[in-house]
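The values are calculated or read from the model by the stated rules, or taken from the named source; none is laboratory data. If you're wondering where the values come from, they're calculated on a predicted model, not measured in any experiment. As a convention, Cβ positions derive from the backbone with ideal geometry for all residues, glycine included, and neighbour counts pool all protein chains shown.
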Amino acid sequence: MQMKKVGFGAVQRQAREKLIDAARRREIDVVLVWRLDRWGRSVTDLLATLQELEHLGVGFVSLTEALDLTTPAGCAEFEREILRKRVRAGLAHARQSGKRLGRPATAAIHTDEVRKLRCAGISKSEIARRLNIGLTSVRRILLSKKS
C-alpha cells in the first residue's frame with residue numbers, strides 16, 4: 001500500500017488533479033483524506049469528483065467525518081446526509097420566504113362557524129358533526145375565544 005501526502009492551496013489542487021488522473025488510469029484503489037473540505041472546494045465540486053471516483057471504482061475515505069464510501073453502508077449514509085442537508089436548506093428557504101410550514105389548518109378555518117353555532121345553542125358534539133371536525137377541535141376553538 002502506497003500513501004502520499006498532498007499539499008495545500010494551489011499545490012493541493014494540482015496534486016488532486018494528478019490523483020484523479022491516476023484514478024482514471026486505474027493506478028489507485030482508494031483516496032484517503034483528512035477532511036472532506038480538504039478534497040473539494042464546494043459541494044458541487046465534491047459531489048462531482050466523488051461521483052467520478054465511484055464510476056471509476058475508486059473508494060473514498062474521509063477520516064474526520066468517519067465517511068467510508070468503499071462500503072455500501074458508507075455510501076448510503078453519505079447520500080442520507082446530503083439529502084438531510086438539502087431538506088434543511090429547503091425548509092430554511094421556505095421560512096425565509098414567509099411560507100407556513102407544518103400541517104395545514106383544518107378546524108381553524110371553521111372558527112367563525114363554530115362560534116356562531118355555539119351561540120345559537122347547538123351542542124359541541126352536534127357542531128363537530130355538522131362541520132365534520134373533531135370534538136376536541138370544537139372545544140379548543142371555543143376555549144380560545146375566552147383568552
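The conditions of being among the acidic types (Asp, Glu), surrounded by 14 or more Cβ atoms within 10 Å (Cβ to Cβ) and at pLDDT below 90 are not met by Glu81.
All of Val87, Val114 fail the test of being of a type in the set (Val, Ile, Thr), farther than 19 Å from Thr49 by Cα and in the same structural domain as Glu27 (by TED's automatic domain parsing), apart from Val87.
Picking from residues in segment 100-121 that are loosely packed, with under 11 Cβ neighbours inside 10 Å and among the aliphatic types (A, V, I, L, M), the one that is nearest to Gly90 (Cα to Cα) is Leu101. Looking only at segment 57-67, residues that are surrounded by 15 or more Cβ atoms within 10 Å (Cβ to Cβ) and modelled with pLDDT of 85 or more come to 5 in all.
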